[in-house]
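Colleague: Please read through the structure below; I'll follow up with questions.
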Amino acid sequence: MPQPAAAVADGTEARTDGPSAGSEFAPLLRAVKDQGLLGRRYAWYARAIAVNALALAGVVTGLVLIGDSWWALLLAPPLAVLFARTAFIGHDAGHAQITGDKSVGRLIGLVHGNLLLGLSYSWWNTKHNRHHANPNHIDKDPDVAADVLVFTGEQAGDRKGWRGWLTRNQAWLFFPLTLLEGVALKVHSFQDLRRQPPRERALEGALLVAHVAAYTTLLLTVLSPGKALAFAALHQALFGLHLGLSFAPNHKGMEMPDPDGERWGHLRRQVLTSRNIRGGALTDWFLGGLNYQIEHHLFPSMPRPHLRLAQPLVRAHCRELGIAYAETGLVDSYRQALRHLHEVGEPLRAQ
């Protein structure tokens, strides 16, 4: 069973690797707790959820007021941005950042994931917690499993035909492929219903269907079929691109633990496989706090506004232990990630 991400935040997982590994993380955990950085930020999240809901309602109202016009397509980009904000809220709910009450957290996740986005909360949470437990581990992290993209030379060696062409060109294709991510997430969500227990499947499935029905009804009621299709295509493509821009810098091109090598403790496993992005309030907003990827992986249940406050503590602790702390600018992070994908495909290009 994948370990819940919230369990990692209290240091439980860190201690399972033995005294040495646990002792590296324990002082940092104490410092973070002493500053109250694992405490809840109910008012902050209440404002974020309310503002996001009002903004979504505003875009829908604007769409209705504009009516059957090509000008309505101008609302697709802001709606894509707001869908990404919605995804960030669902992400935080899944990590118990918003509330420690599992029922309330699940309700928030179901509303923001299944109902508003058409994305299964259960599927995403299960997959994402496996990633958090073993980031960049080729055998355990689903995010680096060989699929459309591959992340190691071993994975690339088996690619033939169409998949081989994808691997040879995956660095160039990465961002164009993210244009399909919004639709792909919905497909995976419906496919995962078969895995879920009956009661969970019934609830999640009903909410997913409600999303599709409401989204389709809105567009076809306001727009002609051709304009509705164009709006949906542009909106979903930009939503996928926004998610790709947010997730790409976090781990691609970072250390990948050797499955047969020495097992890292919690601190090294999370820090060495993650990359932070420099920037101010705009970067925090655009990336939904994921620019503090190291802090987020060390303390998954830490509320988003506290990640920035924890960063100096984490950076200083890593410096004291001589552990590399990766931090770069946004553009350079994409360059590093794409360079890694390009290098993985190099042996196939040389054939």
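Read the figures in this text as sums done on the coordinates, not as results from a lab. Computed from a predicted structure; not experimentally measured. Counting neighbours? That spans all protein chains shown, and the Cβs are built from the backbone with ideal geometry, glycine included.
Colleague: If contacts are Cα pairs under 8 angstrom and at least 6 residues apart, what is the relative contact order of the stretch 270-351 in percent?
Modeller: On the way: 67 pairs, mean separation 29.7, N = 82.
Answer for the stretch 270-351 is 36 percent.
Colleague: With a 10 Å radius around each residue's Cβ, average the other Cβ atoms per peptide and rank 221-229, 302-310, highest first.
Modeller: Details: 221-229: 14.8, 302-310: 20.7.
Top to bottom by mean Cβ count within 10 Å: 302-310, 221-229.
Colleague: Here's something else I'd like to know. Report the percentage of all Cα-Cα pairs in the stretch 112-198 whose separation exceeds 16 Å, rounded to a whole percent.
Modeller: Numbers: 2366 of 3741 pairs.
The proportion of pairs with Cα distances above 16 Å equals 63 percent.
Colleague: Among 144-151, 325-332, how do they line up from the highest to the lowest mean number of other beta-carbon atoms within 10 Å? Present the calculation step by step, with values, prior to reporting the outcome.
Modeller: Working: 144-151: 18.0, 325-332: 15.0.
Ranked from most to least packed, the peptides come out as 144-151, 325-332.
Colleague: Please go through the stretch 174-272 and write out the GluC sites (Glu not before Pro) that DSSP classes as loop and that have at most 16 other C-beta atoms within 10 Å. Intermediate values should be presented prior to the final figure.
Modeller: Values: sites: 181, 200, 204, 255, 262; in loops: 255, 262.
Sites meeting the loop and neighbour criteria: 262.
Colleague: Past 27 Å, Cα to Cα, is the threshold; run 33/140; 227/252; 102/252; 127/227; 102/186; 186/252 against it and keep the listed order.
Modeller: Values: 33/140 29 Å; 227/252 37 Å; 102/252 31 Å; 127/227 35 Å; 102/186 24 Å; 186/252 23 Å.
Flagged as over cut-off: 33/140; 227/252; 102/252; 127/227.
Colleague: Using only DSSP helix segments of four residues or longer, with each worth -39500 (n - 2.57), what per-residue ellipticity at 222 nm results for the chain after dividing by its residue count and rounding to 500?
Modeller: Numbers: 19 runs with 231 residues, N = 351.
After summing the helix terms and dividing by the residues of the chain, the value is -20500 deg cm²/dmol.
Colleague: By the scheme Lys and Arg +1, Asp and Glu -1, what is the net charge of all other residues having a beta-carbon under 11 Å from that of residue 141?
Modeller: Values: positive: 127, 130, 140, 269; negative: 139, 143.
Around residue 141, the charge tally is +2.
Colleague: Right, next: Using alpha carbon centroids, what distance separates the stretch 329-349 and the stretch 123-148, in Å?
Modeller: Centre-to-centre (Cα) distance: 20 Å.
Colleague: Stokes-Einstein diffusion coefficient for the stretch 165-235 at 4 °C in a medium of 1.567 mPa s, Rh from the Kirkwood formula over Cα pairs: what value in µm²/s? Can you show the working numbers first?
Modeller: Values: Rh = 14.5 Å.
This corresponds to a translational diffusion coefficient of 89 µm²/s.
Colleague: Using alpha carbons only, how many degrees (0 to 90, rounded to 10) separate the axis of helix 19-34 from the longest principal axis of the chain?
Modeller: Taking the Cα atoms of the chain, the angle to 19-34 is about 60 degrees.
Colleague: While we're on this one: Determine the equivalent ellipsoid of the stretch 130-171 by diagonalising the alpha-carbon gyration tensor, then write out the semi-axes as square roots of 5 times the eigenvalues, largest first, rounded to whole Å. Don't jump to the answer; show the numbers that get you there.
Modeller: On the way: eigenvalues 94, 16, 11 Å².
Those come to 22, 9, 7 Å.
Colleague: Which value, in debye to the nearest 20, describes the size of the charge dipole of the chain about its Cα centre when Lys and Arg Cβ atoms bear +1, Asp and Glu Cβ atoms bear -1, and nothing else is charged?
Modeller: 500 debye
Colleague: Among residues other than residue 342 whose Cβ falls under 14 Å from its Cβ, what is the net charge (Lys/Arg +1, Asp/Glu -1)? Write down the numbers at each step before the final one.
Modeller: Working: positive: 168, 252, 335, 339, 349; negative: 343, 346.
It works out to a net charge of +3.
Colleague: Of 326, 288, 220, which is farthest along the charge dipole of the stretch 219-351 in the positive direction, counting Lys and Arg as +1 and Asp and Glu as -1 at C-beta?
Modeller: Checked the options; the winner is 220.
Colleague: So how long is each side of the chain along the principal axes, counting just the alpha-carbon atoms, biggest first, in Å?
Modeller: Computed over the chain, the largest-to-smallest principal extents equal 64, 57, 43 Å.
Colleague: For the stretch 147-230, what's the relative contact order in percent, using C-alpha pairs closer than 8 Å and at least 6 residues apart? Could you put the intermediate results ahead of the total?
Modeller: On the way: 20 pairs, mean separation 12.7, N = 84.
Normalised by residue count, the contact order of the stretch 147-230 is 15 percent.
Colleague: Is the shape of the stretch 238-335 rounded, prolate or oblate, going by the alpha carbon gyration tensor and its root eigenvalues a ≥ b ≥ c, with a/c under 1.5 for rounded and a/b larger than b/c for prolate? Kindly include the intermediate steps, with their values, before the conclusion.
Modeller: Values: a/c = 1.86, a/b = 1.32, b/c = 1.41.
It is oblate, given that a/c is not under 1.5 and a/b is not larger than b/c.
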